[in-house]
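Bear in mind that the values in this text are calculations on the coordinates, not laboratory data. Not measured: the values here are computed from a predicted model. Quick reminder, even Gly has a Cβ in these numbers, built from the backbone with ideal geometry, and neighbours come from all protein chains shown.
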Amino acid sequence: MQNESQLAKKFMNKLKEKIPSAVIFRHCERYTRGVPDYSVTLGKKTAWIEFKMHGAGQFSPMQIKHIMAMGNLFVVLLGNPTCGPFATYEDRRISAILSFLRPTRK
């Protein structure tokens, strides 16, 4: 079974393939508590991504504080059997992130 780090890397690699011009930063070091795992910026929009393993991860009080302040946070549940096949769930989350990042045309 793959762990959170391996599944998150797989997800982010797929996202990078979809939007190669995006600026992606990893924030999940030991010393950055409460900050979402990744930020993805395209143009003037930034999406924040937090990964959690199904049944293992809980949000810390600091993460909840940041989640409440951010309207552009996407949570990706990894290894969640209730979400159907991983690829289907993964593609839906990527689609949601892309929809947020892509500018609307007038």
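A few remarks follow.
- Least to most buried among Asp91, Asp37 (fewest other Cβ within 10 Å first): Asp91, Asp37
- Residue order, fewest to most beta carbons within 10 Å, for Arg102, Arg93: Arg102, Arg93
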